[in-house]
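One structure coming up, written as structure tokens, with questions to follow.
The values are calculated or read from the model by the stated rules, or taken from the named source; none is laboratory data. The model shown is predicted, which means the values in this text are computed figures rather than measured ones. All Cβ positions, even for glycine, are placed from backbone atoms using ideal geometry, and neighbour counts span all protein chains on display. When the accessible area is computed, the model is the full protein with side chains, heavy atoms only, and any ligands, DNA or RNA have been set aside. Shrake-Rupley method; radii C 1.70, N 1.55, O 1.52, S 1.80 Å.
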Amino acid sequence: MISTAHTLALGEARHNDAFTAAQQAARQAIDQLGSAPSWGLVFAGGRHDPSALLAGLRQVLGEIPLVGGSAAGVITAQGATLTGFECGLLLFGASLAPGAIVAETGLCDTYATGQRLGAALSAACPEATSVLLLYDSVHSVSAHKLHLAGPLIDGFNQGLGEHQVDLFGAGTLSDLTMEHSVVFNGQEPAEHTAVAVAMPPGLTSHLRITHGCYPASDFMTITRIEGPQVLELDGRPALQVAAERLNRSVAEMAQLSPATLPLTLGEKQGAPFAPFSDDLYNNRLVVAADADSGALILFEADFAVGTRVQLMDIDPQRMIDSAREQTEQLLADLGHVAPVFGLYIDCAGRAMAFHGLDEDESMPVRTLIGQHCPLLGFFSGVEIAPIRGRSRPLDWTGVLALFTLT
């Protein structure tokens, strides 16, 4: 492992008191860093009080910018846990100060918020090349409504104008009930907010996406859709079609949730009958079903009438294999260039708790990256990364970002 003294350091802790967990993680990181930090990335289990957590961090670290948010769980080389009481902190030294940190509230209109955010980042750091975007996933609990990443990303790119960046990130999620989420905007915990970080100019990002879905049906065409609600497939109620294809009753499907029946709708990119490769699919997680309307409700709203989709089954072993393959390939691509740190953004539904396997899906990432550099990861609601030259929201994926010194 290369020395990261005075450059960056990782701290992690787990305690049922947010203030204590934050202090422990901060002391561990600051002792390793050995110098004054310039900023930090922090992700913490959703059972922690966000204000108490930041107070504990600031007592040790002072008033440095802290960016991150709530998470269903935290991932490091030591393990992946979803107790809700974790705290993971990555501290950066003075030589790795961020190019800029900007935040915008008002995610009721995600496109307009994205425009303001992109314009603000471009003005603050016109030389930015790699940008981390985090936003609060939960819009409303009573109506089970989520903030949509697609319009946020489109607006962000519009706000950037001619400025092109490698955009990656996530929608934060406090737990798997999808009832709450928060981001840390550099200064405080915030809801209905998006924050963008121009990563330090001394770093270069290298990205890979891990997958794990197989087609469970032939191609179907969306014939009626309203926002994230897929109402009809091939002219029939979507819920009924899915029940028939999966050999389940409509009543059983009406109780669908990611925790009971992980399911996605996949749009294949390129030639429809090309040999299967999971990285050709843009998958949308089905978060619920509406028995009254017969709709399948997706995490995102970027499918449209005419989109050809397949029901996609989750394969736990394929998730592990993909994580190993993509991590090995990314390290091979780096050759003799040593990574300084890694960030792993992992869909919360992919956690081992739902699949009954002895091996955790993130274990290949943790094992392989942990041999080279510090790793901080978290379980998210939505992942963001480039596919075919354009950053877009992803579901049921892992996004691995390794950073090297320029």
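Between GLN371 and ASP292, what is 0.36 nm times their sequence separation minus the Cα-Cα distance? Round to one decimal in nm. If you can, show how the numbers build up before the last one.
Working: separation 79, 0.36 × 79 = 28.44 nm, distance 5.16 nm.
That works out to 23.3 nm of additional length.
Subtracting the Cα-Cα distance from 0.36 nm times the residue separation, let me have the gained length for TYR214 to ASN16 in nm, one decimal. Present the calculation step by step, with values, prior to reporting the outcome.
Working: separation 198, 0.36 × 198 = 71.28 nm, distance 3.85 nm.
Additional length available on full extension: 67.4 nm.
Sort largest first and round to whole Å: the equivalent ellipsoid semi-axes of the range 115-162, each the square root of five times a Cα gyration tensor eigenvalue.
Details: eigenvalues 135, 20, 12 Å².
Its equivalent ellipsoid spans semi-axes of 26, 10, 8 Å.
Just to make sure I understand: if all protein chains stay in place, what is the order of LYS268, LYS145 by accessible area at 1.4 Å, largest first? Mind showing how you got there, number by number?
Numbers: LYS268 30, LYS145 105 Å².
Per-residue accessible area, sorted high to low, gives LYS145, LYS268.
Right, something else. Can you give the accessible area per residue of the chain, in Å², using a 1.4 Å probe? The partial results should precede the final answer.
Working: 15030 Å² over 406 residues.
About 37 Å² of surface per residue is accessible.
Sticking with this structure for a sec: Below 11 angstrom from the Cβ of ALA295, what's the summed charge of the other residues (Lys, Arg +1; Asp, Glu -1)? Spell out each step's value before the answer.
Numbers: positive: ARG224; negative: GLU226, GLU232, ASP290, ASP292.
Neighbourhood net charge equals -3.
Any chance you could check the Cα centroid distance between the range 267-296 and the range 27-92 for me, in angstrom?
With the range 267-296 and the range 27-92 each reduced to a Cα centre, they are spaced 35 Å.
Would you mind calculating the relative contact order of the chain from Cα pairs under 8 angstrom and at least 6 residues apart, reporting the percent as a whole number?
On the way: 1069 pairs, mean separation 76.1, N = 406.
In percent, rounded to a whole number, it is 19.
Just to verify a number: FRET efficiency for GLU162 and TYR111, C-beta to C-beta distance, R0 = 25 Å, to 0.05?
On the way: r = 19 Å, r/R0 = 0.76.
Efficiency at R0 = 25 Å is approximately 0.85.
For ILE387 and ALA124, FRET efficiency with R0 = 25 Å and r from the beta-carbon atoms, rounded to 0.05? Present the calculation step by step, with values, prior to reporting the outcome.
On the way: r = 27 Å, r/R0 = 1.08.
With R0 = 25 Å, the Cβ-Cβ based efficiency is 0.40.
Calculate I(q)/I(0) for the range 295-372 by the Debye formula, one identical point scatterer on each C-alpha and no solvent, and give its log10 at q = 0.17, 0.27 Å⁻¹ to two decimals.
Each listed q maps to, in turn, -0.82, -1.30.
Leaving ligands, DNA and RNA out of it, report the carbon-plus-sulfur percent of the accessible area of the chain at a 1.4 Å probe. Could you put the intermediate results ahead of the total?
Values: 7430 of 15030 Å².
Reported share for carbon and sulfur atoms: 49 percent.
Divide by every residue of the chain the summed helix terms, -39500 (n - 2.57) for each DSSP H run of at least 4, and state the resulting mean residue ellipticity at 222 nm, rounded to the nearest 500 deg cm²/dmol.
So the helix-based figure for the chain works out to -7000 deg cm²/dmol.
Let me ask something additional. So which chymotrypsin sites (Phe, Trp or Tyr not before Pro) in the range 62-132 pass both tests, a DSSP loop state and at most 16 other Cβ atoms within 10 Å of the Cβ?
Details: sites: PHE85, PHE92, TYR111; in loops: PHE85.
The qualifying sites: there are none.
Something else: How high is the FRET efficiency between LYS145 and ARG248 when r is their beta carbon distance and R₀ equals 25 Å, given to the nearest 0.05?
Calculated value: 0.45.
For the chain, what are the per-bin percents of Cα-Cα distances with bins 20 Å wide, up to the bin holding the maximum?
Binned Cα distances yield the sequence 29, 59, 12, 0.
Calculate the dipole size of the chain relative to its Cα centre from +1 charges on Lys and Arg beta carbons and -1 charges on Asp and Glu beta carbons; express the result in debye to the nearest 20. Intermediate values should be presented prior to the final figure.
Details: 21 positive and 43 negative charges, 76 e Å.
Value, rounded to 20: 360 debye.
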